[in-house]
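A.B. asks: Okay, handing you the structure first.
Please treat every number below as a calculation from the coordinates, not as lab data. Computed from a predicted structure; not experimentally measured. Because the Cβ atoms are built from the backbone with ideal geometry, glycine has one as well, and the counts that use them run over all protein chains shown.
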Amino acid sequence: MTSCDIVKLAIHSTDMIKKEPSLQRGAEIIREYVKNLPLKPGVYRMVADNGDVLYVGKAKALKKRVVSYTHVDKLPIRLQRMVAATATMEFVTTHTEAEALLLEANLIKKLKPRYNILLRDDKSFPYILVTGDHDYPQIKKHRGVKKSKKAKGGGEYFGPFASAGAVNRSIEVLHRVFRLRNCSDSDFATRERPCLQYHIKRCSAPCVGHASQEEYREQVELARDFLSGKSRAVQQQFVKKMEQASEATDFEKAAEYRDRIKALSAIQSTQDINIDGIGDTDVIALAQKEGRTCIQIFFFRGGQNLGNRPYFPRHEADADIAEIVAVFMGQFYVSKPVPANILVNIEPLEKPLLEAALATQRDGAKVTISVPARGKRKRLTDFVGDNAKGALERHLIERAGQVRHLKEVAKLFDMADIPQRIEVYDNSHISGTNMVGGMIVAGVEGFRKAAYRKFNIKHAKEADDYGMMREVMERRFGRALRENVDFEGEDWPNLLLIDGGKGQLSSVKEVLVELGVWDKLTVVGIAKGEDRNAGREQFFIDGRTPFQLPINDPTLHYLQRLRDEVHRFAIGAHRTRRKNDITKSPLDQIEGIGAKRKKALLRHFGSAKEVATAGIEDLLKVEGISKAVAEKVYGYFNEN
């Protein structure tokens, strides 16, 4: 969205009478709204009796667009159902149709309306970050909000990369070729001798003066050039330096450059496909089969292939293919960087409007969407299209397997229908410290990792597993009730799997009964059997005798996979929290104590614990510590 004003259009109808949902009633409600609508661009929402948003749409002229829903005989069955369920409507006018398109995409992603085409996966992409707040920049993986270059933890971002694996492989090569540090600022400030990374030729050890700031900066600039697509130029520089070293009979230095050239060549050869002059471009291709769609997207930045990712948007079987492409692009680029060029194999609906809307995401810079008809770019879109077809074939096979498993799960747990959403819960801690609860989600599409959640336990007593599970349930379902969750919607689980036995199940039941949702869920405890052997699991369901499944039962293996996934996720969240606690220093929390002063304090006193017991006079003996800073440090540790 631009910074222009968005005006909410409040329209009320005094003569609308609540009746049972019907097509005539819905059409009449819409007619009442049409009477007061302007011929301005904007966004409209159709809302059901229970407050759920059924559909979000945009229009060049709201009045003309919305009136089309009153001609019910001309609407397809799907839209007739939507009109029949409509109880109220909401409107927002915008200055331009492009702004309306962006607002529509934002609202669809946020509200997930039942009748819209929906991009389910909202996972952010990782980047390579070259930090900008230190004399010796660090290179690392980054995911999330980008910070300004001089802000703490900010810098220059390169990407997006399609996966964490692609980022990790690139960073490994960057360390080998350019020998940039990967240590934290606190480690850098306190190190007195080179670490292992220096000895295996992955770092130039600027922390102890083995590389001057000027030498290190030169390598940083080369790394930036490489990440910006100037890999050939960087390689030629290394070739030149290798030849110079060889001519000077410095064969050890020449061998170092030879190895660095090999590393650069290796990463270039793993990028599968590269097109000269492609610059910053996304390539998007769509494939369809059996009413399902796969949209494959490849990322090229600086001419380099940074990987690809498939998407499987939700839509009706009869949805228009050009509309699917347009809606996908609108929703995808709401929170993703927009390149200057986008190649597609299907021209999206209202292409000029989409280009104008995406240009606003680039601060007005031009965006071109094109369907190549010949040449290298046509072969590239065909290549991406073949990848989309392959991904869709695999997806359909996996989906069929998931449905078979879910049918058996429904039969095993006496469910009326297959569970569309399964939530699995586990807790992780060590002797009651760094307590974390984990929730993973699975369904017909497999694991839904964008829906995973972790809960930092705040109130349960140490090592109280039952109390931890109660807190997780209170937070998960208490929040759902406060947000008026739709018990029939896709965000409400049909089945809860609890990692634990009878005691865990009782704790969960206690909370869910109190919240009034126990009867809206099937809840099962899954506990390892004797000697905690996999394959001897016992299942606990309220009102049924605990039971086991045969050790080779496919349904058992499926449920074990769900349990193992939540176990992995919870342990990972716990380890992250524990690692953060271990690496924290009290000095990091004191305003005015940067890396240099921290290093000076630790060198003088030996540890943060000794700094905490030091007096003001002792602190003043440290180089770089003024009286004001000494008083601040002393006050931090002695304020109580």
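A.B. asks: At 222 nm, what value in deg cm²/dmol follows for the chain if DSSP H runs of at least 4 each add -39500 (n - 2.57) and the sum is divided by all its residues, to the nearest 500?
C.D. replies: Values: 20 runs with 275 residues, N = 640.
Rounded to the nearest 500, it is -14000 deg cm²/dmol.
A.B. asks: How big is the convex hull of the Cα atoms of the stretch 480-534, per residue, in Å³? The partial results should precede the final answer.
C.D. replies: Working: hull volume 4.7 nm³, N = 55.
That works out to 86 Å³ per residue.
A.B. asks: Within 10 Å of each residue's Cβ, count the other Cβ atoms and sort F637, F477 from fewest upward.
C.D. replies: By the 10 Å Cβ count, ascending, the order reads F637, F477.
A.B. asks: By DSSP, what percent of the beta bridges with both residues in the chain are antiparallel, rounded to the nearest 5?
C.D. replies: Here the share of antiparallel DSSP bridges comes out near 80 percent.
A.B. asks: A further question follows. Tell me the relative contact order for the chain as a rounded percent, counting alpha carbon contacts under 8 Å between residues six or more apart.
C.D. replies: Relative contact order, the chain: 8 percent.
A.B. asks: What do you get for Rg/Rh of the stretch 301-385 when both radii come from the Cα atoms and Rh is the Kirkwood radius?
C.D. replies: Checking Rg against Rh, the ratio lands at 0.95.
A.B. asks: Out of the stretch 55-128, which trypsin sites (Lys or Arg not before Pro) are coil in DSSP terms and have no more than 12 other C-beta atoms within 10 Å?
C.D. replies: K123
A.B. asks: Place the peptides 194-201, 443-450, 593-600, 371-378 in order of packing, highest mean first, counting for every residue the other Cβ atoms within 10 Å and averaging per peptide.
C.D. replies: On the way: 194-201: 14.0, 443-450: 15.5, 593-600: 18.2, 371-378: 12.2.
So the peptides 194-201, 443-450, 593-600, 371-378, ranked by packing, come out 593-600, 443-450, 194-201, 371-378.
A.B. asks: Take every Cα pair under 8 Å in the stretch 7-111 that's 6+ residues apart, average their separations, divide by the length, and report that relative contact order as a whole percent.
C.D. replies: Over the stretch 7-111, the number comes to 38 percent.
A.B. asks: For a footprinting-style exposure proxy, rank D280, D185, D491 by other Cβ within 10 Å, fewest first.
C.D. replies: Fewest-to-most ranking of D280, D185, D491: D491, D280, D185.
A.B. asks: For mean projected area of the Cα convex hull in nm², the listed values are (i) 37.3; (ii) 26.3; (iii) 30.4; which was obtained by calculation from the structure presented?
C.D. replies: Read-out taken from this structure: (i).
A.B. asks: Can you give me the three principal axis dimensions of the stretch 586-638 from its C-alpha atoms, in Å, biggest first?
C.D. replies: So the three principal-axis extents are 20, 20, 19 Å.
A.B. asks: Hey, got the Cα dimensions of the stretch 127-269 along the principal axes, in Å, largest first?
C.D. replies: Reported extents, whole Å, longest axis first: 48, 37, 23.
A.B. asks: Determine, for S228, S335, the number of other Cβ atoms within 10 Å of each Cβ, and report the residues in order from fewest to most.
C.D. replies: S335, S228
A.B. asks: Also, I was wondering about something else. Run down the lysines and flag those whose C-alpha is under 18 Å from the C-alpha of K63, throwing out any fewer than 8 positions away in its chain.
C.D. replies: K8, K35, K40, K74
A.B. asks: Given an 8 Å cut-off on Cα distances and at least 6 residues of separation, report the relative contact order of the stretch 488-640 as a percent.
C.D. replies: Once divided by the residue count of the stretch 488-640, the mean separation gives 13 percent.
A.B. asks: For K378, give me every one of the lysines with a C-alpha distance below 21 angstrom, ignoring sequence neighbours fewer than eight places off in its own chain.
C.D. replies: Partners found: K351, K389.
A.B. asks: May I ask you to list the GluC sites (Glu not before Pro) in the stretch 169-218 that are in a DSSP loop and have at most 13 other Cβ atoms within 10 Å of their Cβ?
C.D. replies: Within the stretch 169-218, the qualifying GluC sites (Glu not before Pro) (loop, at most 13 other Cβ atoms within 10 Å) are E192.
A.B. asks: Something else now. Which aspartates and glutamates does K621 reach when only Cα atoms under 19 Å apart count, and residues fewer than 8 places away in its own chain are ignored?
C.D. replies: Qualifying aspartates and glutamates at Cα under 19 Å: E610, E631.
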